[in-house]
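To start, the structure under review is shown below, and the notes come after it.
The values are calculated or read from the model by the stated rules, or taken from the named source; none is laboratory data. Here the structure is a predicted model, which is why all the values come from computation and not from measurement. Here the Cβ is made from the backbone with ideal geometry for all residues, glycine too, and neighbour counts use every protein chain on show.
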Amino acid sequence: MTDAVLFDAREDGIAIITINRPEQRNALNKEVREGLTAAWARFEADPALRIAILTGAGEKAFCAGGDLKEMVETQMRVPPRDFIPAVYDNVQLSKPTIAAVNGFAFAGGWLISQNCDLCVASTNAKFAITEVKVGRGSPWAAPLIHMIPQRIFMEIVMTGKPITAARAYEIGLVNRLVEPEALLDAAIALAHEVLEGAPLSVKAARETVMLSTEMGRSAALQAAKAAHEYCYNSEDAQEGPLAFSEKRKPVWQGR
């Protein structure tokens, strides 16, 4: 890892990944991009880690997006596909993720929060897809059509104007809205709620949601059945009903 991205592997199965350039509003320069790539790879490879929380250092910004000074220096035109490490695009994870948005999530910052499975935001957070303001583009925003209504999506990408955390919560972009000082605790609490579930069931549930956004109803239903088959045949599928009948917490094995 680099100083630009911090990685905290907790004993409770949670990885906390922090973009650590607060004085530059956690902008996605080369060091941050490389650090995020390494962090996601480390998270995926560690079987003891079951869920990750992505956040930004400081109180002002989660991530302000790409480093525009760097773009000027490199005269960047079309960004390469691996320019920003993006879950569900050029980063493939089998485990869930939570964005803990502590301030501005603009442009590429919106991108990396959007691509997390869940989102907790502080009341002082703001979200914006600002590319129209600087003559750039936001093709990565296309999956938003499965997350928010079309006309709201249209306004966000055509005006580039920020929306408040309260508005993001209202339109369904944010799962939990909390005061700034409670942000990380709220994200960890949500992570623990996910961790209470059987690991294979959580994995299949996550896959089902994504299959449902990419397929028609009938195809998604059949694909979801296939995604759950391993879960149904696992030891945990027997442990869950047994624990319920014995009035105790289940002991998950992940197999």
### Query
Condition test on LEU36, is it modelled with pLDDT of 95 or more, part of a loop (DSSP other than H, G, I, E, B), within 19 Å of the chain's Cα centre (by Cα) and of a type in the set (A, V, I, L, M, F, W, C)?
no
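Any idea which of ALA45, ALA57, ALA100 is on the phi < 0 side of the Ramachandran plot, out of contact with any helix residue (DSSP H, G or I) (no Cβ under 9 Å at 6 or more places or on another chain) and either at pLDDT 95 or above or of a type in the set (A, V, I, L, M, F, W, C) (or both)? Break it down stepwise before answering.
Working: ALA57 fails: out of contact with any helix residue (DSSP H, G or I) (no Cβ under 9 Å at 6 or more places or on another chain); ALA100 fails: out of contact with any helix residue (DSSP H, G or I) (no Cβ under 9 Å at 6 or more places or on another chain).
ALA45 is the lone residue from the list that is on the phi < 0 side of the Ramachandran plot, out of contact with any helix residue (DSSP H, G or I) (no Cβ under 9 Å at 6 or more places or on another chain) and either at pLDDT 95 or above or of a type in the set (A, V, I, L, M, F, W, C) (or both).
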### Task
State whether one or more residues within the range 123-143 are surrounded by fewer than 18 Cβ atoms within 10 Å (Cβ to Cβ), modelled with pLDDT of 95 or more, β-branched (Val, Ile, Thr) and at negative phi.
yes
### Summary
Scanning the range 209-234 residue by residue, those in a loop (DSSP other than H, G, I, E, B) and either surrounded by 13 or more Cβ atoms within 10 Å (Cβ to Cβ) or of a type in the set (A, V, I, L, M, F, W, C) (or both) turn out to be MET215, SER234
### Query
Which ones in the range 39-68 are part of a loop (DSSP other than H, G, I, E, B) and under 16 Å from ILE16 (Cβ atoms)?
ASP46, ALA48, LEU49, ARG50, ALA57, GLY58
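Scan the range 166-185 residue by residue and report those that are part of a loop (DSSP other than H, G, I, E, B) and crowded, with 18+ Cβ neighbours inside 10 Å.
Start the filter on the range 166-185 by keeping residues that are part of a loop (DSSP other than H, G, I, E, B), which leaves 171-175, 179.
Once the filter is applied, which keeps residues that are part of a loop (DSSP other than H, G, I, E, B) and crowded, with 18+ Cβ neighbours inside 10 Å, the range 166-185 yields LEU173, VAL174.
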### Query
Based on what the data block shows, is ALA205 of a type in the set (A, V, I, L, M), surrounded by fewer than 16 Cβ atoms within 10 Å (Cβ to Cβ) and either out of contact with any helix residue (DSSP H, G or I) (no Cβ under 6 Å at 6 or more places or on another chain) or not assigned by TED's automatic domain parsing to the domain that holds GLY58 (or both)?
no
### Query
So PHE83 clears everything in (1) modelled with pLDDT of 95 or more; (2) touching a helix residue (DSSP H, G or I) at 6+ places or on another chain (Cβ under 8 Å); (3) part of a loop (DSSP other than H, G, I, E, B); (4) within 23 Å of GLY160 (Cβ to Cβ) except one condition, right? Which one?
(1)
### Task
Those residues that are out of contact with any Pro (no Cβ under 7 Å at 6 or more places or on another chain), within 20 Å of ALA61 (Cα to Cα) and not in a helix (DSSP H, G or I), I need them from the range 119-137; list them, please.
CYS119, VAL120, ALA121, ALA125, ILE129, THR130, VAL134
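Mind telling me which of the residues ILE152, ILE148 ends up being outside the structural domain of LYS225 (by TED's automatic domain parsing) and either in a helix (DSSP H, G or I) or polar (S, T, N, Q) (or both)? Spell out how you get there, then give the answer.
On the way: ILE148 fails: either in a helix (DSSP H, G or I) or polar (S, T, N, Q) (or both).
When all the criteria are applied, what remains is ILE152.
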### Members of the range 221-251 found to be in contact (Cβ under 8 Å) with a residue 12 or more places away in the chain and out of contact with any Pro (no Cβ under 8 Å at 6 or more places or on another chain), listed by number
ALA223, ALA224, ALA227, HIS228, TYR230, CYS231, SER234, GLU235, ALA237, PRO250, VAL251
### Task
Just give me the residues in the range 124-142 being closer than 25 Å to ALA15 by Cβ, without any contact (Cβ under 8 Å) to a residue 60 or more places away in the chain and in contact with a strand residue (DSSP E or B) (Cβ under 9 Å, 6 or more places away or on another chain), in sequence order.
PHE127
### Query
If you go through the range 177-200 one residue at a time, do you hit one that is of a type outside the set (Ser, Thr, Tyr), farther than 30 Å from THR130 by Cβ and over 20 Å from the mean Cα position of the chain (by Cα)?
yes
### Query
Taking the stated definitions as given, is ALA15 surrounded by 17 or more Cβ atoms within 10 Å (Cβ to Cβ), assigned to a strand (DSSP E or B) and touching a residue at least 24 places away in the same chain (Cβ under 8 Å)?
yes
